Amino acid sequence: MNMDTIAAIATGLTNSGIGIVRISGDDAFNIIDKIYKPVKGNKKISNQKSHTIHYGYIMDKDILIDEVLVLFMKGPNSYTREDTIEIDCHGGILVTRKVLEIVIKYGARPAEPGEFTKRAFLNGRIDLSQAESVMDLIQAKNEFAWKSSMDQLKGSVKEIISDLRGNIIYEIAYIESALDDPEHYEMEHYGEILLPKINQAKKKIEKLLNTTDNGKILKEGINTVIIGKPNAGKSSLLNAFLGKERAIVTEIEGTTRDALEEQINLNGITLNIIDTAGIRKTENLVEKIGVGRAKAYLGEADLILYVMDTSRKIDENDLEIMELIKEKKVIILLNKSDLQPVISKDDIDLNFKGNIISISAKENIGIEELEKSIKEMFFHGEISFNDEVYITNLRQKTALKNADDSLSMVINSIRDAMPEDFYSIDLMNAYSELGKIIGESVEEDLVNEIFQKFCMGK
């Protein structure tokens, strides 16, 4: 990797109070000395005490660019462990870009997305799980995602994985030593001694794996599809969730022709909601396309909210919908409960076994019960913010699963009384897979791919 001096705008490109231009690398101090002029005197920043802030101007020779504060940090006591400068300038888009242009003009190059965090990882300040948590923190959509990201940033995953790897490498070293020097290392009944240790390691890994589904849902949200016949109240339900008129609501059937996508936070639960076209048999080409898309969305859904109009009898369209959703997680919402109903929960129970709630999307009745039902369905009634470590990353989940499989192979070898070097092979595979989580054994291409997903300036 080219470790030359990099620079980027670290704040959003919008008109705001301040904008931050970050510089990192061996030439950072030389660059700031060329373009910074203090309000009083002419002391170079590079001669100042580390972790101090200085007030002055950014200059391009005799041209004044902006009035700034400059934060000065000597490596390794910085985010990247390199010499680092942060320029706090006025937050206009033009002025922030002007400051960056001057920094690049005098020796820096534009940073790639995520390159500052990538350098923090490569320079050993953070491990790969902590680096990934930085992006998760930036993108956090709810309180759980924020807390989980902060826990991982503090090293919660690293601590568990490092402990597991330490125990595994000890056993690998013992086996290798015994094979090289059998006179001084006892291997009799070693399999019986190793087995409980492997079982204990597997329990820890499987406990982490058991958090992945809920962790992913809490982090990214529950993919929720609202489905039902035309004019059942699907769009009214979406508007009730949002507290605004997002979807057009009329008495005319088939108003929603294409899917509307919104994201809401329901007291700590993020729902990625898709309001679909009403499902019915139709000859209208545009409506038929919308119905087809509605059915397609069902396959990707974590949760289906099936809205039924209780003022209308069950017909063949309802029966078709019930057939489509019978294998999914579904909550049936008996809408328009404020009107005289012609169907009830008893009518539904003949065809469907699941959660059924009476609501009025128009009057905002039943939403609290719906929220409670979602918590019961996905989180056993309560979203916990305790100290449990959640795995929310698919890459980490895959590595954990591979490590767990390798330890299962060790158990099989012990039970089959295989030679000890068989243990060592699978233990090393488990050790390597766990290393991928914290970046101890990961290919450069994968590292590059991970950090390319980061935002610019981070």
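Of all residues in region 316-331, count the ones that are assigned to a loop (DSSP other than H, G, I, E, B) and either outside the structural domain of residue 271 (by TED's automatic domain parsing) or free of Cβ contacts under 8 Å to residues at least 24 places away in the same chain (or both).
Within region 316-331, residues that are assigned to a loop (DSSP other than H, G, I, E, B) and either outside the structural domain of residue 271 (by TED's automatic domain parsing) or free of Cβ contacts under 8 Å to residues at least 24 places away in the same chain (or both) number 1.
Looking at region 143-160, I want the residues that are farther than 15 Å from residue 208 by Cα and of a type in the set (Phe, Trp, Tyr) and have a partner that is modelled with pLDDT under 85 and surrounded by 22 or more Cβ atoms within 10 Å (Cβ to Cβ) with Cβ atoms under 7 Å, at least 6 apart or on another chain. Which pairs are those?
What qualifies is 144/218.
Where residues in region 316-340 are at pLDDT below 75 and buried (at least 16 other Cβ atoms within 10 Å of the Cβ), which of them is nearest to residue 225 (Cα to Cα)?
The selected residue is 336.
Could you say which residue among 53, 58, 63 is on the phi < 0 side of the Ramachandran plot, buried (at least 21 other Cβ atoms within 10 Å of the Cβ), over 33 Å from the mean Cα position of the chain (by Cα) and not small (Gly, Ala, Ser)? I'd like the intermediate steps shown before the answer.
Numbers: 53 fails: buried (at least 21 other Cβ atoms within 10 Å of the Cβ); 63 fails: buried (at least 21 other Cβ atoms within 10 Å of the Cβ).
Sole residue among the options that is on the phi < 0 side of the Ramachandran plot, buried (at least 21 other Cβ atoms within 10 Å of the Cβ), over 33 Å from the mean Cα position of the chain (by Cα) and not small (Gly, Ala, Ser): 58.
If you go through region 212-237, how many residues are buried (at least 19 other Cβ atoms within 10 Å of the Cβ) and either at positive phi or part of a strand (DSSP E or B) (or both)?
Residues in region 212-237 being buried (at least 19 other Cβ atoms within 10 Å of the Cβ) and either at positive phi or part of a strand (DSSP E or B) (or both): 9 in total.
In region 406-425, which residue that is part of a helix (DSSP H, G or I) and small (Gly, Ala, Ser) is farthest from the chain's Cα centre (by Cα)? First the steps, then the outcome.
So the first thing to find is which residues in region 406-425 are part of a helix (DSSP H, G or I), and the list is 406-415, 420-425.
Next, from what is left, pick out any that are small (Gly, Ala, Ser): 406, 408, 413, 424.
On the way: 406: 27, 408: 29, 413: 37, 424: 35 Å.
Ranking the candidates gives 413 first.
Pick from region 437-447 the residues that are over 18 Å from the mean Cα position of the chain (by Cα) and in a helix (DSSP H, G or I): which of them is nearest to residue 124 (Cα to Cα)?
Filtering region 437-447 for residues that are over 18 Å from the mean Cα position of the chain (by Cα) and in a helix (DSSP H, G or I), the one nearest to residue 124 (Cα to Cα) comes out as 444.
Quick check on region 30-43: of everything there that is touching a strand residue (DSSP E or B) at 6+ places or on another chain (Cβ under 7 Å) and not aliphatic (A, V, I, L, M), which residue is surrounded by the most Cβ atoms within 10 Å (Cβ to Cβ)?
36
Which residues, taken from region 29-52, are closer than 12 Å to residue 72 by Cβ, of a type in the set (A, V, I, L, M) and at pLDDT below 95?
Result: 45, single match.
Just the residues that are under 39 Å from the mean Cα position of the chain (by Cα), in a loop (DSSP other than H, G, I, E, B) and more than 17 Å from residue 458 (Cα to Cα), please, taken from region 15-50.
15, 16, 17, 26, 27, 49, 50
Residue by residue, here is whether (1) more than 14 Å from residue 208 (Cβ to Cβ); (2) at pLDDT below 80 holds:
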| site | (1), (2) |
| --- | --- |
| 379 | yes, yes |
| 382 | yes, yes |
| 391 | no, no |
| 396 | no, no |
| 401 | no, no |
| 404 | no, no |
| 407 | no, no |
| 417 | yes, no |
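Conditions (1) modelled with pLDDT of 95 or more; (2) more than 14 Å from residue 31 (Cβ to Cβ); (3) buried (at least 16 other Cβ atoms within 10 Å of the Cβ); (4) touching a helix residue (DSSP H, G or I) at 6+ places or on another chain (Cβ under 7 Å), marked per residue:
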{"site": "69", "(1), (2), (3), (4)": "yes, yes, no, no"}
{"site": "75", "(1), (2), (3), (4)": "no, yes, yes, no"}
{"site": "82", "(1), (2), (3), (4)": "yes, no, yes, yes"}
{"site": "91", "(1), (2), (3), (4)": "no, yes, yes, no"}
{"site": "99", "(1), (2), (3), (4)": "yes, no, yes, no"}
{"site": "114", "(1), (2), (3), (4)": "no, yes, yes, yes"}
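Can you work out which of the residues in region 386-405 that are in contact with a Leu (Cβ under 8 Å, 6 or more places away or on another chain) and in a loop (DSSP other than H, G, I, E, B) is nearest to residue 137 (Cα to Cα)?
So, considering only residues that are in contact with a Leu (Cβ under 8 Å, 6 or more places away or on another chain) and in a loop (DSSP other than H, G, I, E, B), the one nearest to residue 137 (Cα to Cα) is 392.
The values are calculated or read from the model by the stated rules, or taken from the named source; none is laboratory data. What you are looking at is a predicted structure, and each value in this text was computed from that prediction instead of being measured. Every residue, glycine among them, receives a Cβ derived from its backbone with ideal geometry; neighbour counts consider all protein chains shown.
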